[in-house]
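The next block holds one structure in the form of structure tokens; read it before the comments.
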Amino acid sequence: MKSIENSLIVLLLVLVMAQGHSQNPVISQRYTADPTGLEYNGRLYLWASHDIDGQKRYWMNDITCVSTDDMQNWTDHGEVFKAPDDMPWVTQAWAPSVVEKNDKFYMYTGDGNRSVNVSVSDSPIGPFKGVGGKPLITKETPNADVEWLFDPTVFIDNDGQAYCVFGGGPTKIQADGKRRKNARIIKLGDDLVSTVGEAVLIDAPGFYEGGYINKRTVNGITKYYFSYFTNVGTGMNIDYMMSDNPMRGWEYKGTVLQQPADNYNNSHASVFSFKDKWYLGYHTRKTATDRNVDPKIALRQRSVSVDELFFNDDYTIKEVIPTHEGPKQIKHVNPFEKNEAETMAEQSYLLPGIETTVCNDVDGGRMITDIESGDWIKVSGVDFKDGAKTFEARVSAQNYGAIEIRLDNENGQLIGSCDIAPTGGLKVWKTVTCAVKEVKGVHDLYFKFTGQGADMFNFNWWQFNELNQ
């Protein structure tokens, strides 16, 4: 009996560690939802709605951006668009979609469920500013009279023609006895800030919201995919259709993602590629659930996850099984160059963990803030090669503290500890250094913060120095 009890304890610990040490969600320092992805200059950028802490109804008015070059460690770029500051004619910003043309980035968002709007930036990390002075699509747009006018997805085809999918709402029975159908697609002008012609119905079975369109070309054959959230019957899944033409010929094919166990309400997914692999972005309520947030609040405190997506030989999509581990890391982190502290795979979000904000150091960017004793961040897959001898970090401090450098888990081997003394305040920056024990090869790297008081110090960047230099 004792051995059985011990086995159960070990199993429980394994399950707890598996839940606590995962890469999904990809960001936990803010609540995020409705992700969309785009590859640009060797990085995958992910934009998402920002669920404000404690919101009791959906009232998202800014857009969060994160990016990665290895699919495990994500750089937090903060809020890259805010309404009405960046778009005076709207009050909210929901469910972004971003495309790039001629080194300009066009972001499409919903003003709640009332209209589709477009903003533009010279950079994928913003700032995005509204253009046109009015909505791009309203219910006055020809054939755009849908229940909920939101959830835009834009893509640019091989011939340069751009399309926008939008719409949502319950499939209610109308006065004529027919169900209202709320999915639409419309052509955009060459300027990407105007529409052409009238919207066309996409007759998607059980369509509710979160329509997303993408294309894939293999051996010269292009297929279009329309995925969407459905809550018809007992299923609350991401289903999809396929076509050879984005404006017509759609055929229902099945389910991309069944409702994850740590989600229990709306879902919104997107399909995107990076480095010749395909991925599914979606959201759950995992972070809020892990934090034991009141379910009524947790309903509107979502977190974005990403998993790899695969296709069958007949071009159909294999059903995605959600994981806590997330996608495989596709490259190692180089510790011998300057790395931003806000680039991480995980953080100690149950404490409740760190925050990030605009950095007030000379190099700008962002920084880690709200650091308390016991907080930590993880950087996945760091390649120390033949060894490191010293470590340096850029900090500003108002209290005494330390950065413990540990391997493979937050309580793993301690290879060094950088003491931090007050620098003169959180706006006064200093580079601190310390020696490290011999470390070689690839490890997950943990920075564990210790000390006293709240908001002990800010953390901008870090770097190791090679043993043989």
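The values are calculated or read from the model by the stated rules, or taken from the named source; none is laboratory data. Every value quoted in this text rests on a predicted model; they were computed, and no experiment measured them. Cβ coordinates were reconstructed from backbone atoms using ideal geometry, including for glycine residues, and neighbour counts include every protein chain displayed. Calculation scope for accessible area: heavy atoms of the full protein, side chains included, ligands and nucleic acids excluded. Shrake-Rupley method; radii C 1.70, N 1.55, O 1.52, S 1.80 Å.
What ranking, highest mean first, results for peptides 348-360, 241-253 when packing means the other Cβ atoms within 10 Å averaged over each residue?
Values: 348-360: 17.6, 241-253: 15.3.
Ranking, from highest mean packing down: 348-360, 241-253.
What number comes out for the charge environment of residue 258, summing +1 per Lys or Arg and -1 per Asp or Glu over other residues with Cβ under 13 Å away?
Numbers: positive: 318; negative: 239, 262, 307, 319.
Once all neighbours under 13 Å are counted, the net charge is -3.
With a probe of 1.4 Å, find how much accessible area the chain has per residue, and write the answer as a whole number in Å². Mind dumping the intermediate values first?
Numbers: 19810 Å² over 469 residues.
With the other protein chains kept in place, the chain gives 42 Å² per residue.
Students often get this wrong, so check it: of 187/318; 253/318; 328/448; 101/129, which have C-alpha atoms separated by over 19 Å?
On the way: 187/318 29 Å; 253/318 11 Å; 328/448 24 Å; 101/129 16 Å.
Where the Cα-Cα span goes over 19 Å, the pairs concerned are 187/318; 328/448.
Quick one, can you get me the convex hull of the C-alpha atoms of the chain expressed as volume per residue in Å³? Mind showing how you got there, number by number?
Numbers: hull volume 85.5 nm³, N = 469.
Each residue corresponds to 182 Å³ of Cα convex hull volume.
Quick check: net charge around residue 430, other residues with Cβ under 11 Å of its Cβ, Lys/Arg +1 and Asp/Glu -1?
Numbers: positive: 394; negative: 361, 392.
Within the 11 Å Cβ shell, the charges total -1.
Hey, if we sort 462, 376, 278 by accessible area with the 1.4 Å probe, largest down, what's the order?
Numbers: 462 0, 376 20, 278 50 Å².
Descending accessible area places them as 278, 376, 462.
Mind giving me the FRET efficiency for residue 196 and residue 350? R0 is 60 Å, r the Cβ-Cβ distance, nearest 0.05 is fine.
Details: r = 50 Å, r/R0 = 0.83.
According to the calculation, E is roughly 0.75.
Normalised by the number of residues in the chain, what is the relative contact order in percent for Cα pairs under 8 Å and 6+ residues apart?
Details: 1304 pairs, mean separation 61.7, N = 469.
Once divided by the residue count of the chain, the mean separation gives 13 percent.
How would 342, 410 line up by accessible area, probe 1.4 Å, largest first? Provide the component values of the computation, followed by the final result.
Numbers: 342 10, 410 30 Å².
Listed by decreasing accessible area, they come as 410, 342.
For a test of the definition: using alpha carbon positions, the gyration tensor, and the 1.5 limit on a/c, classify the stretch 173-262 as rounded, prolate or oblate.
Note, shape of the stretch 173-262 comes out oblate.
How large a share of the accessible area of the chain, in percent, is made up of carbon and sulfur atoms when the probe is 1.4 Å and the other protein chains stay in place? Walk me through the numbers before you get to the answer.
Values: 9810 of 19810 Å².
Taking all protein chains in place, the chain shows 50 percent carbon and sulfur surface.
Compare 101, 275 by solvent-accessible area with a 1.4 Å probe and give them largest first, with all protein chains kept in place. Don't skip to the end; give the middle numbers.
On the way: 101 55, 275 100 Å².
The ranking, largest first, comes out as 275, 101.
Can you work out the FRET efficiency for the pair residue 278 and residue 176, with r the C-beta to C-beta distance and R0 = 35 Å, to the nearest 0.05? Mind dumping the intermediate values first?
On the way: r = 41 Å, r/R0 = 1.17.
Calculated value: 0.30.
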